[in-house]
Amino acid sequence: RGIIARLHLIEKAPEQAVEHAKAAYDATPNSDNALLLVAALEMSGKKEQAFSFLEKHVGAHNNDVQSAMLLAERQIRSDRKAAIDTYEQVLSKTPDNFVVLNNLAYLAFEDGELKRAEELAKKAVSLQRENADAVDTLAQIYIAKGDKEAALALYEQVSAGPIASDEVYLNHVELLLALDKEALAKRRLASREFSSEAAKQRAENIKQQHGL
């Protein structure tokens, strides 16, 4: 039944997949079948039902890290505290979980809990030193603490390689300008073609603000 459900999803017929995914889950309530049912429900437009099911599944199977991470991702939209609690539970089971470390660090940073944010972000960066998103999280924490030079050293770790995120790229540019490194900031702006309209507008605002 799980295979049939997957075939229906591939054929973009999620409504037909739901019944088979439910049967597969009822027979074997494991992570794969839980995620399959969530996908079938969400693709069928039944997002509330999918969320409800996911909460129930994670509550009954607290060692299912994959499902818990998906639940936390969904919870961020409606209940940050619940998302943080879920991520903390996952972290207690998988302390070297890079995604959870980075996400928790960012949430703590947004909440102004800089000590906790720094602790988590440092561990994330130690696991993936070339990951621009993790480096950006830690750099923003350093900036918030007033240590711009430490933040710049972090950005320099990843600036030679490709940075997929326009936001991270522009965060680096703004830090360069804050440290009076105008020529370098100008070169970096000129060498990047931004993909989103929001990033293009932000880049334009930076140029106007600093007369570049």
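The values are calculated or read from the model by the stated rules, or taken from the named source; none is laboratory data. Only a predicted model underlies this, so the values are computations on that prediction, with no experimental measurement involved. Here the Cβ positions follow ideal geometry from the backbone for every residue, glycine too, while neighbour counts run over all protein chains shown. Note: accessible area is taken over every heavy atom of the protein model, side chains too, but ligands, DNA and RNA are not part of it. Shrake-Rupley method; radii C 1.70, N 1.55, O 1.52, S 1.80 Å.
Things to note:
- Segment 1-65, accessible area per residue, ligands and nucleic acids excluded (1.4 Å, Å²): 59
- Share of alpha-carbon pairs per 10 Å distance bin for segment 90-212, given as whole %: 13, 42, 33, 11, 2, 0
- Each Lys and Arg Cβ is given +1 and each Asp and Glu Cβ -1; about its Cα centre, the chain then shows a dipole of about 180 debye.
- The chain - percent of accessible surface contributed by carbon and sulfur, probe 1.4 Å: 49
- Highest mean packing first, where packing is the average number of other Cβ atoms within 10 Å per residue, the peptides 178-185, 51-58 line up as 51-58, 178-185.
- Choice from A82, A60, A50 showing the highest fluctuation, given a GNM over the chain with Cα pairs closer than 10 Å: A60
- For segment 170-202 versus segment 61-82, the gap between their alpha-carbon centres in whole angstrom: 34
- Solvent-accessible surface of segment 86-212, averaged per residue with a 1.4 angstrom probe and all protein chains in place: 53 square angstrom.
- The dipole here belongs to segment 170-212: it is taken about the Cα centre, uses +1 on the Cβ of Lys and Arg and -1 on the Cβ of Asp and Glu, and is about 120 debye.
- Taking all protein chains as they are arranged and a probe of 1.4 Å, the heavy atoms of D26 leave approximately 120 Å² accessible to solvent.
- Rounded to the nearest 20 debye, dipole of segment 17-100 from Cβ charges on Lys, Arg, Asp, Glu: 200
- Value of [θ]222 nm, deg cm²/dmol, for the chain, DSSP H segments ≥ 4, -39500 (n - 2.57) each, nearest 500: -24000 deg cm²/dmol
- Calculated P(r) of the chain - Cα pairs past 20 Å, %: 66
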